[in-house]
């Protein structure tokens, strides 16, 4: 017996007040389809009093198959009734349907959720077929630019477009720490941490959405200066913002305490009074109320910040899901071993940030783009690490770099 596979173009019923709520603009989300994977979808509405017109686009996941249909409907008593009237373009199996959606608003986020159903009057989808639909409103009302080569295929990642629009509303902060001159004569001075931190700051400001006024640079700071700056950031940064912390300097692993430490410029080789433990850094990262925080460390024994080492995390998570979930991630130059002063890690980290041409770049994608280069070109078998910071509030998301346009 053959199995019929249907994909659908949609229409909508939604809980809205035509006088108080303007639904005009773009809505993004997914549509569930029987016997098939979910479809990515874009709805565009234009509201004039109680009348609604617009269009919708659907696209198969990991496929170029797409369809676009015009929409027409009305708003009454907070309900939006829509039906797709005709296709502008389509693919085999796509069909017209009717939708019933419910409007919700939580803070600044507006959502539509409900279902689509088939209708014999539309001569395509049988009434027995239906599926769930979930949409989130984008703030911008300007329509997307058409593809220059074809009008019949959706080539842009519309989930990514939504994330870009959201990230542009938020601030990117960076705390850059470079320590190479130590007060204790028994601690060897380094040559490159300050210039490495300056280099990262230059790349972030030039190529990504880090404004100069939101970049803090600490050159050879003491322990108290580092702690004071973290305290200041904890009062300034909001839960919608992004924070990147970069540290280059000496690191030490204490076998008895099973703990790693940063060495500020006033650290003593004889006692730990001025050292900063990984657990202190972790607690600050967990306590600074950001959406996403990324720690990048180029220091000996920096891999001790993780719950587990030698992580091998898979790529492929949707950029939207990584953005939605809170994250506390780290990229380190090595595991529990020494790393050289002249950093191969920093060289390839900066190079990949510059070479990246994507508007959105996750920390995991960045890490995977230079990990092998560091391993192959380090003199001591240096193995960079990426993962979640243990007990810091990570919920499975990721830090997303937003490239300047």
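Rule-based calculations on the coordinates, nothing more; no lab input. In this text, all values refer to a predicted model and were calculated from it rather than measured experimentally. Virtual Cβ from ideal backbone geometry, glycine too; neighbours counted across all protein chains shown.
Out of all DSSP beta bridges in the stretch 167-402, what portion is antiparallel? Express it as a percent rounded to 5. Let's see the in-between values first.
Details: 14 of 39 bridges.
Of all bridge pairs located within the stretch 167-402, approximately 35 percent are antiparallel.
How many angstrom lie between the C-alpha centres of the stretch 81-104 and the stretch 185-229? If we compute the Cα centre of each part, the gap is 53 Å.
Could you grab the Rg to Rh ratio for the stretch 179-259? Cα atoms only, Kirkwood for Rh. Numbers along the way, then the final one.
Values: Rg = 14.9 Å, Rh = 14.7 Å.
Rg/Rh for the stretch 179-259 comes to 1.01.
Stretching the chain fully between residue 355 and residue 368 yields a gain of 3.3 nm (0.36 nm per residue, less the alpha carbon separation). Treating r as the C-beta distance of residue 324 and residue 132 and R0 as 22 Å, the FRET efficiency rounds to 0.75. In this simple spin-label approximation, residue 271 and residue 235 carry label points 7 Å from Cα along the Cα→Cβ vector, and these lie 3.0 nm apart. If I take R0 = 22 Å and measure r between the Cβ atoms of residue 258 and residue 391 in this structure, what FRET efficiency does the formula 1/(1 + (r/R0)^6) give, to the nearest 0.05? Rounded to the nearest 0.05, the efficiency is 0.90. Projected label points at residue 212 and residue 32, each 7 Å from Cα along the beta carbon direction, are separated by 5.2 nanometres.
The listed peptides 184-197, 239-252, ordered by packing as a protection proxy, come out as 239-252, 184-197 (highest mean of other Cβ atoms within 10 Å first).
Listed peptides 270-276, 171-177, 286-292, 224-230 appear in the order 171-177, 286-292, 224-230, 270-276 once ranked by packing, highest mean of other Cβ atoms within 10 Å at the front. All C-alpha pair distances within the stretch 167-402, sorted into 5 Å bins from zero, spread as 1, 7, 15, 20, 22, 18, 11, 4, 1, 0 percent across the bins. Taking label points 7 Å from Cα along the Cα-to-Cβ direction, residue 376 and residue 225 give a separation of 3.9 nm.
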